[in-house]
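The values are calculated or read from the model by the stated rules, or taken from the named source; none is laboratory data. Computed from a predicted model, the values in this text were never measured in an experiment. Ideal geometry is used to build each Cβ from the backbone, glycine not excepted, and the neighbour counts take in all protein chains shown. When the accessible area is computed, the model is the full protein with side chains, heavy atoms only, and any ligands, DNA or RNA have been set aside. Shrake-Rupley method; radii C 1.70, N 1.55, O 1.52, S 1.80 Å.
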Number of protein chains: 2
Amino acid sequence: MTSSSTLTPNAVLERLQWRYAVKKFDAQKTIPNDTWDALEQSLVLAPSSFGLQPWKFFVVDSPAKREQLLAASWKQRQVVDASHYVVFARPATLGPADVDRFIDRTAEVRGMSRATFDGYRNVIVQFIQQPRFDAAGWMARQAYLALGQFMTAAAAMGVDTCPMEGIDPKQYDAILGLEAKGYVTLCACAAGYRAADDKHATAPKVRYPTAAVIEHV
Amino acid sequence: MTSSSTLTPNAVLERLQWRYAVKKFDAQKTIPNDTWDALEQSLVLAPSSFGLQPWKFFVVDSPAKREQLLAASWKQRQVVDASHYVVFARPATLGPADVDRFIDRTAEVRGMSRATFDGYRNVIVQFIQQPRFDAAGWMARQAYLALGQFMTAAAAMGVDTCPMEGIDPKQYDAILGLEAKGYVTLCACAAGYRAADDKHATAPKVRYPTAAVIEHV
């Protein structure tokens, strides 16, 4: 079940208590390449409904673009100070062609004929073509699941993060040219290392009591 | 930065590759108490926008209720076979009273006067009272982030999961009496240990190439 690469329950608790939404990153510290590669894979490997992966992740390396995004983020310095900055986006539209692309990929990876997956394909197409199906909302939820995996994987490796919802998605789209690429900004996440003087690091974490949040039935 | 409780990048990759959506759980295997407690805390400690925690998690211990949920889940056996089964729910409504409750809790935990947080309170109230604000969608996204944290924390400890979207939320609400409690079902997650003969465990993971999912700009 477990292996030497797992965490004990106490270690998980320690990691989750250690994590907080960093307000001030140490701008001099960079996430090592192998650690960043693992974080990218936490996005690539994130679970999604049907396995459809209705998302794209834009890693903003360009300092100039980061400066532009800063102005579209209520000037929150995490945008420019963090080692890495990822914009979470969904496809602008969702249709049968997206399902076909996924089924093609499935057949390729599994080394099986595409026809094997015809039934599965049709289930997904019917699902996304339901009359009142909210494709945008559904895709956004998948991306937030990926955000959760990303942040937890980061904490497991001792990398700090700050999820960013206080941004102007339309301005982000414009700055990153996402409309032309066919994507829509949902949120972002800064990743790096907390500054030694970020006072938020030591503020007690505000959570409701467990009994108020978890109910056994 | 890191401590003995962290995972190396390779260990994270190994954990994420190990994880898959379990179709067949070993009904004889139970998650140990300390491990389950850590998983509950992964929900309690999950990040949320403003820290508002607009969610509740129902852990279904009752075998009878699990049987009822099975019928509302396309008879997917994970509902009854998994060691634990969690239903992710959001409050039916979101208003200033929810913000006040959170601000009260913040003042309590931080040991400061409530007035200290008046400005923060007003920012959140204004945010959730925006004319076209989609409270239901926003709360659902937060819960999916918590789902991501839960699944990743589970994988880190060697616990298997299966996220469940193929359920009938209205039937879940009825079976669990959520309307009277003021909550709405969003999705669920089974947790436990894969059966030795779950053939899905060894099927190659279907993901788009990294370059198709992650773009550096």
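Over region A:29-78, give the accessible area per residue in Å² for a 1.4 Å probe, as an integer. Spell out each step's value before the answer.
Values: 2010 Å² over 50 residues.
Ligands and nucleic acids excluded, the figure is 40 Å² per residue.
Comparing B:ASP118, B:ASP26, B:ASP61, which has the greatest mean-square fluctuation in the GNM of chain B with Cα pairs linked when under 10 Å apart?
Of B:ASP118, B:ASP26, B:ASP61, the Gaussian network model singles out B:ASP118 as fluctuating most.
Only four residue types carry charge here, +1 at the Cβ of Lys and Arg and -1 at the Cβ of Asp and Glu. Report the dipole size of region B:1-137 about the Cα centre in Debye, rounded to the nearest 20. Don't skip to the end; give the middle numbers.
Working: 17 positive and 14 negative charges, 84 e Å.
It comes to approximately 400 debye.
Within region A:73-110, which trypsin sites (Lys or Arg not before Pro) sit in a loop by DSSP and count at most 12 neighbouring Cβ atoms inside 10 Å? Could the numbers behind the result be given before it?
Values: sites: A:LYS75, A:ARG77, A:ARG101, A:ARG105, A:ARG110; in loops: A:LYS75, A:ARG77.
Passing sites in region A:73-110 are A:LYS75.
Counting only helical runs of four or more DSSP H residues, what would the 222 nm mean residue ellipticity of chain A come to if each run contributes -39,500 (n - 2.57) and the total is spread over all its residues?
On the way: 10 runs with 99 residues, N = 217.
Theoretical 222 nm ellipticity from helices: -13500 deg cm²/dmol.
Helix A:33-44 against the longest principal axis of chain A: what's the angle in degrees, Cα atoms only, rounded to the nearest 10?
In chain A, helix A:33-44 runs at an angle near 40 degrees to the longest axis.
Run down the lysines and flag those whose C-alpha is under 22 Å from the C-alpha of B:LYS205, throwing out any fewer than 8 positions away in its chain.
Straight-line reach from B:LYS205, under 22 Å: A:LYS56, B:LYS23, B:LYS24.
Tell me, which residues of region A:197-217 get at least 30 Å² less accessible area when the other protein chains come in, versus the chain alone (1.4 Å probe)?
A:PRO204, A:VAL206, A:ARG207, A:TYR208, A:THR210, A:ALA212, A:VAL213, A:ILE214, A:GLU215, A:HIS216, A:VAL217
Can you list, shortest first in nanometers, how far B:GLY137 lies from the same residue in the other copies, with each label 7 Å from Cα toward Cβ?
Label-point separations across copies, in nm and ascending: 0.8.
Determine the total buried accessible area between chain A and chain B, counting protein heavy atoms only with a 1.4 Å probe; round to the nearest 100 Å². List each step's numbers first, then the result.
Values: alone 13010 and 13000 Å², together 18190 Å².
Accessible area lost upon association: around 7800 Å².
Determine the share of region B:155-210's accessible area contributed by carbon and sulfur atoms, expressed in whole percent, with a 1.4 angstrom probe.
Working: 1270 of 2220 Å².
Carbon-and-sulfur percentage of accessible area, whole number: 57.
Which value, in Å to one decimal place, does the Kirkwood hydrodynamic radius take for region B:48-145 when every pair of different Cα atoms is included?
Numbers: mean 1/r = 0.0636 Å⁻¹.
That comes to 15.7 Å for region B:48-145.
Which one of A:ALA188, A:ALA154, A:ALA201 has the biggest mean-square fluctuation once chain A is modelled by GNM with Cα springs under 10 Å?
A:ALA201
Cα centroid distance between region A:15-52 and region A:119-172, in Å?
15
Most fluctuating residue of B:VAL59, B:VAL80, B:VAL184 in a GNM of chain B with Cα springs under 10 Å: which is it?
B:VAL59
Please list log₁₀ I(q)/I(0) at q = 0.10, 0.14, 0.16 Å⁻¹ for chain B, using the Debye equation with identical point scatterers on the alpha-carbon positions.
-0.55, -0.99, -1.18
In terms of the Cα gyration tensor, with a ≥ b ≥ c the square roots of its eigenvalues, is the protein assembly as shown rounded because a/c is under 1.5, prolate because a/b exceeds b/c, or oblate? Let's see the in-between values first.
Numbers: a/c = 1.31, a/b = 1.14, b/c = 1.15.
Taking the square roots of the gyration eigenvalues as a ≥ b ≥ c, the protein assembly as shown is rounded.
If each label sits 7 angstrom from Cα along the C-beta direction, how far apart, in nm, is B:ASP100 from its counterparts in the other copies?
Sorted ascending, the copy-to-copy spacings read 5.6 nm.
With charges only on Cβ, +1 for K and R and -1 for D and E, what is the dipole size of the protein assembly as shown about its Cα centre, in debye, rounded to 20?
Numbers: 48 positive and 44 negative charges, 49 e Å.
For the protein assembly as shown, the charge dipole is close to 240 debye.
Quick one: with all protein chains in place, what share of the accessible area of region A:1-138 is carbon or sulfur, to the nearest percent (1.4 Å probe)? Working shown, then result.
Working: 3320 of 6460 Å².
The C+S portion of the solvent-accessible surface of region A:1-138 is 51 percent.
Can you list, shortest first in nanometers, how far A:THR210 lies from the same residue in the other copies, with each label 7 Å from Cα toward Cβ?
Computed spacing set for this position: 3.8 nm.
Kindly identify residues of region B:156-189 having a loss of at least 40 Å² in accessible area between the isolated chain and the assembly of all protein chains, probe radius 1.4 Å.
Listed in order, they are B:ALA156, B:MET157, B:GLU165.
Please compute the per residue accessible area over region B:154-205 with all protein chains in place, 1.4 Å probe, rounded to a whole number of Å². Could the numbers behind the result be given before it?
Numbers: 2050 Å² over 52 residues.
I get 39 Å² per residue for region B:154-205.
Given a Förster radius of 60 Å and the C-beta distance between B:SER5 and B:LYS170 as r, what FRET efficiency does 1/(1 + (r/R0)^6) yield to the nearest 0.05? Intermediate results must be reported in sequence, preceding the final value.
Numbers: r = 42 Å, r/R0 = 0.70.
Rounded to the nearest 0.05, the efficiency is 0.90.
Just checking the output field for B:52-63: average partner chain Cβ neighbours within 10 Å of each residue's Cβ?
Working: counts 1, 5, 0, 2, 5, 5, 4, 4, 3, 2, 2, 0.
Per residue, the average neighbour count from other chains is 3.
So which residue of B has the beta-carbon closest to the axis that swings B onto A, and how many whole Å away?
Closest Cβ to the B-to-A rotation axis, residue and whole-Å distance: B:GLY148, 1.
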